[in-house]
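Below: one structure, written as structure tokens.
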Amino acid sequence: MAKSYKTAAIAYGAALLGFTGFLMLDTFVLSSAKQTGATEMNLSLFAEETKERTTTATEQADSAEPATDTKKDIAAAAQTNSATTAAVSGTASGSGEETQTGTAKQASVTQKTVNNEKSDSQSKTENTKSDTAKTTKSEKTTTTATTVTTTTTTEETEPEPQFIINDTAYQDENISIALSQYIENDTSIYVADVRLSSAQFLKTAFANDTYGKNITAPTSDIAAAHGAILAINGDFYGTHNTGYVIRNGVLYRDLPRNNTDFLSIMADGSFFITTSDEYSAQDLLDMGAWQCFMFGPRLIENGAVTVDDNSEVARAMASNPRTAIGIVDDLHYLFVVSDGRTSDSDGLSLSELAYFMQSLGAYTAYNLDGGGSSTMIFNGSLINNPTTSGRSIKERSVSDIVYIGY
């Protein structure tokens, strides 16, 4: 606002100076008119023309909206100019033609001066508006650039694990077990599909928690004593004086046994099958063996079946109840138990067992103690129909189990 008043004051000052020069010229022209004998009509026209220019200049000055004090000064000057014009009108002498020419030139100069002043004033005002607009736009741009948009990111949380316990399934955050029953080769086969988060949940236990010869107990009793979710019979190590025994990372026996495949379940959960000619039990323990069994034979290795129709455990019949364990991939296992020796279930040969497990996706599989020892327990219940002679369904007492639990 202060800049506007200043601009207006400058404009009015320029107008006032123009009028002062104009009046001095008029006085000179009138004096000349008297000397040259100008006609009364010419002087009258001059007076009218002068009055019109004065009025135009006053209107142009008023449009600039000067400060209040400046308006008063301009008004006083206008009154003085009016009185001077009246005096000029009463003058009856001078050269009208020369006076009009001089007046027209002076009026033209005055008009240009006022127009220039107005143009400069408008130009400055427009520049000021432009600068203001640029500044405002710049400020808005800066504000926009520095504005921080806060986005609330919801952390993705893993879904809570489902807890399932029923007759055919168990699931928690570390253990998943699903039971299935098959009929193959006129035999009932029970399969537990097991997935673990760690091999530490694949455990073993001795009958009466005691390592030694001829110490036995039913699979269900050993499982109950350890809170096993799933359990199968082991390798019945207690009926032998030789063979490797490593259980839950502890070495109990390091005596070679000829013609025997040893299965080591390593600390990472992988399977490794060897013989006593290749490694000692201490070697296996040093390599990270978590469990080591001494029954056999190996059924599948690297995805290929390793037994045939002539393969059999010593003194075993061609078709028997069977117990086996296999691995599909990392920490994914198959626990398999079949019935046999009854009118309802014939039992399986080793090759039949091997091909069946291969059909389930087993990459490595190993035969454990079978016959009357073959037993599966799930959530405290007996799943299969164990028998020794086929005359009665009854568990046999064994020296150890393999189980899933905490």
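Structural remarks
- Scanning the stretch 173-228 for residues that are under 43 Å from the mean Cα position of the chain (by Cα) and basic (Lys, Arg), we see that the one that is farthest from Glu352 (Cα to Cα) is Lys203.
- When Ser349, Ser381, Ser397, Ser374 are checked against the criterion of being crowded, with 21+ Cβ neighbours inside 10 Å, closer than 18 Å to Ile232 by Cα and small (Gly, Ala, Ser), Ser374 stands alone in meeting it.
- Count - residues of the stretch 176-215 that are touching a helix residue (DSSP H, G or I) at 6+ places or on another chain (Cβ under 8 Å), surrounded by fewer than 20 Cβ atoms within 10 Å (Cβ to Cβ) and touching a residue at least 24 places away in the same chain (Cβ under 8 Å): 7
Every number here is computed from the coordinates shown, using simple stated rules; none is lab data. The structure presented is a predicted model; accordingly, all values stated were derived computationally and were not measured. Heads up, the Cβs are rebuilt from the backbone with ideal geometry, glycines too, and the neighbour counts pull from every protein chain shown.
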